[in-house]
Structures are given as structure tokens and as C-alpha cells.
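The values are calculated or read from the model by the stated rules, or taken from the named source; none is laboratory data. Just so it is clear, the structure is predicted and the values come from calculations on it, not from any experiment. Here the Cβ positions follow ideal geometry from the backbone for every residue, glycine too, while neighbour counts run over all protein chains shown.
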Amino acid sequence: MSAAPEEMACQVCLSPLNTLGMPPTYVHPAHLTTDGHDPAPVPVSRLDTVHRSCDFCGDPYPTWTLHGGEVTAIAISPTTGLVQDFGHAWATCATCHTHIDDRRNDKVVDRAARALGFGNHPQARERIAELHDAFLTARLPGRTLITTTAWPATTITAGELPKIRDRLTRFYRGADKLPAALGITDVRDQIAASLDRSHLYWIDNDFTDLAEHAAAQLPDVSISRDLMPSADGMLVWPRPVTHRQFTAASWASTNDRLQLVLYRAIGGSLDGKPLQRLREQVGWLVPMSATHLPERRVVPGSHPSAMLVATWLLITQQAAEVTAARVDKGVAKTYARTGRPTPEVRIVRIRGPRTSAPPGRRPTPDGTERSQTSRVWVSGHWRNQAHGPGRKLRRPVYIHPFLRGPDDAPIRLSTTVRMLSSRRPKPDGRE
């Protein structure tokens, strides 16, 4: 039996594409409004984000893929006929999934009818119910988490990290499936075990700004354990970072390989029972990409994990000051009830301001020195530093922006000055 063709999406608008004929021609769905661009097909396995919608109600934040009956609708008129294949795999949002779990399919139909503008049309509602019933009556056990949904940002505080880590660990050890394209189906237990022993880091806003700026110009880096602040760890930024919009990362050291996973936050814009159910079943984070790296593999600055690597490098050099956060009381009580010590959460912030570089005089092309009459702002940049046995290895070290020139000299007016605060965060990790 030949494998089913891989699902394709448009690289421009990130919408799943429909196919016509054999060999297939890829087209945008008929209901989709675009700017007129031609489809640019790319396998969905190569995309972090896909703009799907709930196949029951059209909600833009689908959460699960369910498998059920193969549904085909046939519309016949005196002059023509139309056949539409709805398939056997349907995406469902958290609210529709909650109703389905509660055996309230009527509420799912109500949501669909309202979304389509048929709330007051009994016959249209009956046709919708027939489609839903055809799928749900033959529904198969199990479900797959959709990891490509671009959820609204969710605030995560330092004090919540132990609870968030535990819920993620429980999901990895559970029966709910993850997309095969992530490539971590066979190592879920290993990732969960690594999370159990991981050090927890919460990055403050200013340090995140610094790391994002540094990551944009990160040179190629040879990945090794001495670059990481701990052998196993989980790190959360206070907002989605880079154009890929991930919020957290975890890493594990196994033998001579490193396992890196990037996460996006889930559940933004939800409330009530659907949000509560989602937090119980999944938690706050979903994996969006995973990388297996042999030690000493050279990672280019364009690699998806560049932001994580830049953050590591800044933490392990003098750019970082690490302090302990106060864990939420509820989390501490939960750990106490189960006989576990309350984990330590580390807040990472920018170390206090440094003095400007000591210049005073600088060499001229003829080897003599001349006095500087103004100060110049030198932009932040990376410099390779020798380390390791015989100092034969090279590790990028970030040089902070600084003023070059005599302390009493004026700043050159053409200089653009960018300042990053070093204010200390509140103990609970809130800004």
C-alpha cells in the first residue's frame, strides 16, 4: 500500500491547500480570502505555523486532530453536481472538543450554525448535524495535538514554572499523540525524564531584548555541554521571541548528543471550562520543533535554536546575573503533599551597568597616539574567545554596547544610543 501524499500548505499565507486532479494541482480553499497570490506549496512538516481552522465551527485556534468516518457531501442541482470530500481527519478547537467529550454534540452544531450565519435556519442546522454525526459516529479512539496553531501570547511568570514543567512532563508520558513530523515520538519518555531533573530558568524582559539582538548576529557556534548553563534545563522567555514566535525551550544531554525542543504557549484567548480542560490535558506549552545534535556540531547563526544558543552564551558569561524566584504558594504546597522538595527557579537578568571602555588615547596609522576628543557608541557584537584543552576551542562571547573615549568627552552627536535596563525584577518574576 502506497503512503498517503503529504499535506501541503501555502508558504505565503500558511493555509492548507486543496488538491485537484492527478498529478495534483494545489489550490487555495474556495472559502479562503487571499490577496490574489498563487499557491506556493510546501509540506506542512516544514512549517512551524499553519493557519488551520476548526473543521466543526471554524474557530481559528484548533487544538486536536480527531479521526472518524470518511465524510463526503454531494450537492445536485438540475444542471450540475458537486462532490466535496471532508476527509476522515478533522481539526477541532478546545471548545468543540470539550462539548464532544461531554457528549453535547448539539452544542457543537450550534457553534457551527452561528459561525456560518445559519443560527435561525432549522434546515441548515439539520444538514450540519448530519455532517457532524457522519464523522463522530465512526470516530476512532485517540487524538493528536496540533502544534502548528499560532496562539495569542500567554504570560508565564517565574513562580509558575514548576507547575508548567510538571504538566508538560505528564503530557509527554501520556497517551495523547504528537505529530510524527516533530520526530520525538520515540524519545518522549527521555524528554520527560530530562524535564524531571532540569534546572528552570525564567528570562526577564531586558535580558530577552539583549538575547534577541545578539541572536540576530550570532556567528556559527560549535555546540558543546560547556556552553549550557546546566546539563538538562528548561528556559522560558516572557514573550514570544524571533519571527518564529516560540516562548520556551528545553534541552537534554544524552551520551554524546543533545536534544533541543522549542515550545509555543497554548491557550491564549480561552476561558472557562475549555481553558481548564486544556490546562489539565496539555498544560501551557506545546513543542513546535525538535533538534537532535551531536556534540561539537557547528550550528549556523540561522539555525532555529540560535535564540536559545545566544541566551545560553549570555547566561554563562558575565552578561547575566541569576537570582532565585519565589515559587507560587500553591505549587509549593503541591510539592510538599507529594514529598518532593520545591524546585528552584532561576531568574536571569542583565548584570548591572559596566564602566565605559578605558580609552583616553588611541593609535593612529603611523603608530603614534592621539587624544580622542569625543566618545563614540560601539554597537554590541560577538567576539571569539579561546577555551577548552590547550585553549584550542573557540566560544563566541558577546561584547555589550559601550562608549569609547574619555569619560569627560562629549558623545558624538551622530551616535545612536540604545540602552538596555538592568532593573531588578520583582520576586515573583512579574515585570
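Condition (residue is closer than 19 Å to residue 156 by Cα, under 18 Å from the mean Cα position of the chain (by Cα) and either at pLDDT below 95 or outside the structural domain of residue 325 (by TED's automatic domain parsing) (or both)) applied to the range 215-223: is it met by at least one residue?
No.
Could you identify the single residue in 238, 219 that is assigned to a loop (DSSP other than H, G, I, E, B), within 22 Å of residue 316 (Cβ to Cβ) and not hydroxyl-bearing (Ser, Thr, Tyr)?
219
Can you tell which of 188, 139 is basic (Lys, Arg) and not in a helix (DSSP H, G or I)?
Just a single option satisfies the conditions, and that option is 139.
Going residue by residue through the range 209-221, is there one that turns out to be touching an Asp or Glu at 6+ places or on another chain (Cβ under 7 Å) and either within 30 Å of residue 6 (Cβ to Cβ) or surrounded by fewer than 16 Cβ atoms within 10 Å (Cβ to Cβ) (or both)?
no
Note down all Cβ pairs under 8 Å where the first residue falls in the range 175-202 and is not assigned by TED's automatic domain parsing to the domain that holds residue 285, the second is modelled with pLDDT of 95 or more and not in a helix (DSSP H, G or I), and they're at least six residues apart or on different chains.
none
For the range 29-55, how many residues meet the condition of being free of Cβ contacts under 8 Å to residues at least 60 places away in the same chain, closer than 27 Å to residue 100 by Cα and hydroxyl-bearing (Ser, Thr, Tyr)?
1
Here's the yes/no breakdown for (1) modelled with pLDDT of 85 or more; (2) out of contact with any helix residue (DSSP H, G or I) (no Cβ under 8 Å at 6 or more places or on another chain); (3) crowded, with 20+ Cβ neighbours inside 10 Å; (4) within 20 Å of residue 161 (Cβ to Cβ):
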| position | (1), (2), (3), (4) |
| --- | --- |
| 251 | yes, no, yes, yes |
| 256 | no, yes, no, no |
| 265 | yes, yes, yes, yes |
| 268 | yes, yes, no, yes |
| 278 | yes, no, yes, yes |
| 284 | yes, no, yes, yes |
| 296 | no, yes, no, no |
| 318 | no, yes, no, no |
| 355 | no, yes, no, no |
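Please specify each residue of the range 29-67 satisfying the condition of being part of a loop (DSSP other than H, G, I, E, B) and surrounded by fewer than 15 Cβ atoms within 10 Å (Cβ to Cβ).
29, 30, 31, 33, 34, 35, 36, 37, 38, 40, 60
Conditions (1) polar (S, T, N, Q); (2) on the phi < 0 side of the Ramachandran plot; (3) in contact with an Asp or Glu (Cβ under 9 Å, 6 or more places away or on another chain); (4) free of Cβ contacts under 8 Å to residues at least 60 places away in the same chain, marked per residue:
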{"site": "243", "(1), (2), (3), (4)": "no, yes, no, yes"}
{"site": "251", "(1), (2), (3), (4)": "no, yes, yes, yes"}
{"site": "264", "(1), (2), (3), (4)": "no, yes, yes, no"}
{"site": "275", "(1), (2), (3), (4)": "no, yes, no, no"}
{"site": "283", "(1), (2), (3), (4)": "no, no, yes, no"}
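Based on this model, can you work out whether residue 230 counts as outside the structural domain of residue 45 (by TED's automatic domain parsing), in a loop (DSSP other than H, G, I, E, B) and exposed (fewer than 15 other Cβ atoms within 10 Å of the Cβ)?
Here the answer is no, as residue 230 does not meet what is asked.
Which count do you get for residues in the range 184-206 that are touching an Asp or Glu at 6+ places or on another chain (Cβ under 9 Å) and acidic (Asp, Glu)?
Count: 2.
Test each condition in (1) loosely packed, with under 14 Cβ neighbours inside 10 Å; (2) under 19 Å from residue 214 (Cα atoms); (3) without any contact (Cβ under 8 Å) to a residue 40 or more places away in the chain for residue 303 and report the one that comes out false.
Unmet for residue 303, out of (1) loosely packed, with under 14 Cβ neighbours inside 10 Å; (2) under 19 Å from residue 214 (Cα atoms); (3) without any contact (Cβ under 8 Å) to a residue 40 or more places away in the chain: (1).
Suppose we keep only residues that are modelled with pLDDT of 70 or more and among the hydrophobic types (A, V, I, L, M, F, W, C) within the range 383-400. Which one would you say is surrounded by the fewest Cβ atoms within 10 Å (Cβ to Cβ)?
Going through the qualifying residues, I end up with 386.
Please go through the range 156-183 and give me each residue that is touching an Asp or Glu at 6+ places or on another chain (Cβ under 9 Å), at pLDDT below 95 and part of a loop (DSSP other than H, G, I, E, B), ordered by number.
157
For a quick check of your reading of the model, give me the residue pairs whose first member lies in the range 1-28 and is surrounded by fewer than 16 Cβ atoms within 10 Å (Cβ to Cβ) and among the hydroxyl-bearing types (Ser, Thr, Tyr), whose second is modelled with pLDDT of 85 or more and outside any strand (DSSP E or B), with beta-carbon atoms closer than 9 Å and at least 6 apart or on different chains.
Here the result reads 25/39, each pair linking the range 1-28 to a residue that is modelled with pLDDT of 85 or more and outside any strand (DSSP E or B).
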